[in-house]
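The values are calculated or read from the model by the stated rules, or taken from the named source; none is laboratory data. Just so we're clear, the structure is a prediction, and the values are computed from it rather than from any experiment. Positions of Cβ are backbone-derived with ideal geometry, glycine not excepted, and every protein chain shown enters the neighbour counts.
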Amino acid sequence: MLQKRIRENTVILSHVPPKFGEWEFYSLPHGSTKYFLDALNKNRQNIKAAFFGDLHGYSEQVYESVKMIVTGGCARSKAIYNNRYNEETPLEMIIFDVESGDIKVE
């Protein structure tokens, strides 16, 4: 279903992030992660970014040139690294320019 809906300049919004890098401690099951990452790989030229919630923190990773961002704690957030929550961060908002694909954290 996901691959059929991806077209030029797609932005993906999903609740739970894939099991990848720093997000392995709380993420999609293996089968769902494989399906999702395969779709990103096959369609990476058409995907601007993928955003996830669920984790109460902020983290960025790149998979096959697609920027993936967890934004689960937009007003008061925890940094995610070493595969766990760490210190609080002063994240207030994420600005995504749909025309250019630029992503800015303020």
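What strands (runs of 3 or more DSSP E) lie completely within the chain and have 1 or more residues being modelled with pLDDT of 75 or more and hydroxyl-bearing (Ser, Thr, Tyr)?
On the way: elements: 10-14, 47-52, 57-63, 66-71, 77-81, 84-89, 94-96, 103-105.
The strands (runs of 3 or more DSSP E) meeting that bar are 10-14, 57-63, 66-71.
Consider Ser27 carefully, then state whether it is polar (S, T, N, Q) and surrounded by fewer than 19 Cβ atoms within 10 Å (Cβ to Cβ). Considered against the rule, which asks whether it is polar (S, T, N, Q) and surrounded by fewer than 19 Cβ atoms within 10 Å (Cβ to Cβ), Ser27 comes out as no. Can you pull out every residue in region 28-40 that is touching a residue at least 24 places away in the same chain (Cβ under 8 Å) and either under 14 Å from Tyr58 (Cα atoms) or not hydrophobic (A, V, I, L, M, F, W, C) (or both)? Once the filter is applied, which keeps residues that are touching a residue at least 24 places away in the same chain (Cβ under 8 Å) and either under 14 Å from Tyr58 (Cα atoms) or not hydrophobic (A, V, I, L, M, F, W, C) (or both), region 28-40 yields only Tyr35. Taken over region 3-21, the criterion of being surrounded by 15 or more Cβ atoms within 10 Å (Cβ to Cβ), out of contact with any strand residue (DSSP E or B) (no Cβ under 7 Å at 6 or more places or on another chain) and closer than 15 Å to Arg44 by Cβ is satisfied by Pro18 alone.
Sub-6 Å Cβ pairs linking a first residue in region 48-71 that is under 19 Å from Asn82 (Cβ atoms) and without any contact (Cβ under 8 Å) to a residue 24 or more places away in the chain to a second residue that is in a strand (DSSP E or B) and hydrophobic (A, V, I, L, M, F, W, C), at least 6 apart or interchain, are Glu60/Ile69, ordered by first then second residue.
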